[in-house]
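First comes the structure, then the notes that go with it.
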Amino acid sequence: MRIVLVGPPGAGKGTQAKIIAGRLSIPAISTGDIFRANVGAGTPLGLQAKGFMDAGQLVPDEVTIGMVRDRLAEPDVTNGFLLDGFPRNVAQAEELEAILVGLGTKLDVVLELAVPAEEVVHRIAGRRLCRNDSTHIFHVDFNPPSVPGVCDVCGGELYQRDDDKEETVRERLAVYERETSPIVGFYDERGLLATVQATGTLDEVTERALSALDDR
Ligand code: AMP
């Protein structure tokens, strides 16, 4: 299955992407994770991306699209993939269509995780990631680690992403409304959209998402 996951910051996309992709045995591709890995490693791509990320802005399309095109040319995506955090605007959605046409394939479904705006800031401000592995994600209230500040999975140190600070979160939300939310309509017009409510427990959201995918 070829899936795009869309939703505002704080909808739980990263967490759900990894769980759903694991269940379906397809790779989860997070453009945010790829950027963060490059920032951490100090690569030229990371240096280009960092300023935009810290400000809560989108990294320019020419950088992002080239990176996704390269990733979708890797052999592990032939049986499907789940894109998390891409596309983020209509231009990227159009480019993705073109990339997939070039690969002789197309999307099966776009899963929208919907969450009330007032919940978003609380969700993001409490989010903590493991320094060893960004797939180890916790929340101080919703999914707390057994020992505060320590990863349950590997014992690594938990930290708050720079762009999870409140001021940046508000900017990211504004960017989502302005730039990303139009792709929901774009995919609805193409009959690809499935919307699930991303409220409740992590497991409830996963079950809702998997049953929406089953219905396709
Ligand atoms: P995320 O982890 O998906 O919230 O992404 C973190 C940051 O990486 C975003 O706030 C953007 O600065 C950047 N980013 C991730 N994906 C994209 C994209 N598709 N287009 C532009 N910037 C992106």
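The values are calculated or read from the model by the stated rules, or taken from the named source; none is laboratory data. Keep in mind the model is a prediction, meaning the values are calculated, not measured. Here the Cβ is made from the backbone with ideal geometry for all residues, glycine too, and neighbour counts use every protein chain on show. Keep in mind that these areas ignore ligands, DNA and RNA; they rest on the heavy atoms of the full protein, side chains included. Shrake-Rupley method; radii C 1.70, N 1.55, O 1.52, S 1.80 Å.
Within the chain, what whole-number % of the accessible surface is contributed by carbon and sulfur, with the 1.4 Å probe and all protein chains included in the calculation?
Within the chain, the accessible surface is 51 percent carbon and sulfur.
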So for the stretch 1-142: antiparallel DSSP bridges make up what percent, rounded to the nearest 5? 20 percent
With every protein chain kept in place and ligands, DNA and RNA left out, what is the accessible area per residue of the chain? Probe 1.4 Å, answer in Å². 48 Å²
A student applying the Cα gyration tensor rule (rounded when a/c is under 1.5; otherwise prolate if a/b is larger than b/c, oblate if not) would label the stretch 108-189 prolate
Amide H contacts under 5 Å for G156, placed H, 5+ residues apart: C151
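Take peptides 86-92, 163-169 and line them up by average Cβ neighbours within 10 Å, highest first, as a rough protection proxy. Walk me through the numbers on the way to the answer.
Details: 86-92: 19.7, 163-169: 16.6.
Ranked by mean Cβ neighbours within 10 Å, highest first: 86-92, 163-169.
If each residue of separation counts as 0.36 nm, what is the full-extension length gain between N79 and I99 once their alpha-carbon separation is subtracted?
Numbers: separation 20, 0.36 × 20 = 7.20 nm, distance 1.58 nm.
In short, 5.6 nm is gained.
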Counting each pair of different Cα atoms once, what's the Kirkwood radius of the chain in Å, rounded to one decimal? 17.6 Å
Testing the spin-label approximation: label points 7 Å from Cα along Cα→Cβ at R170 and V150. State their distance in nm. 3.6 nm
So, with points 7 Å from each Cα along the Cβ direction, the T43-A114 label distance in nm works out to 3.7 nm
For the pair A125 and V140, the simple spin-label estimate (label points 7 Å beyond Cα toward Cβ) gives in nm 0.9 nm
Please give the net charge around E157, taking every other residue with its beta carbon less than 12 angstrom from that of E157, where Lys and Arg add +1 and Asp and Glu add -1. +1
Isotropic mean projected area of the C-alpha convex hull, the stretch 48-142 (nm²): 8.1 nm²
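What FRET efficiency comes out for the pair M1/E157, r = Cβ-Cβ distance, R0 = 35 Å, nearest 0.05? Write down the numbers at each step before the final one.
Working: r = 35 Å, r/R0 = 1.00.
Once the sixth-power term is evaluated, E becomes 0.50.
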Output needed: Cys residues of the chain lacking any neighbouring Cys C-beta below 4.7 Å, sorted by number. C154
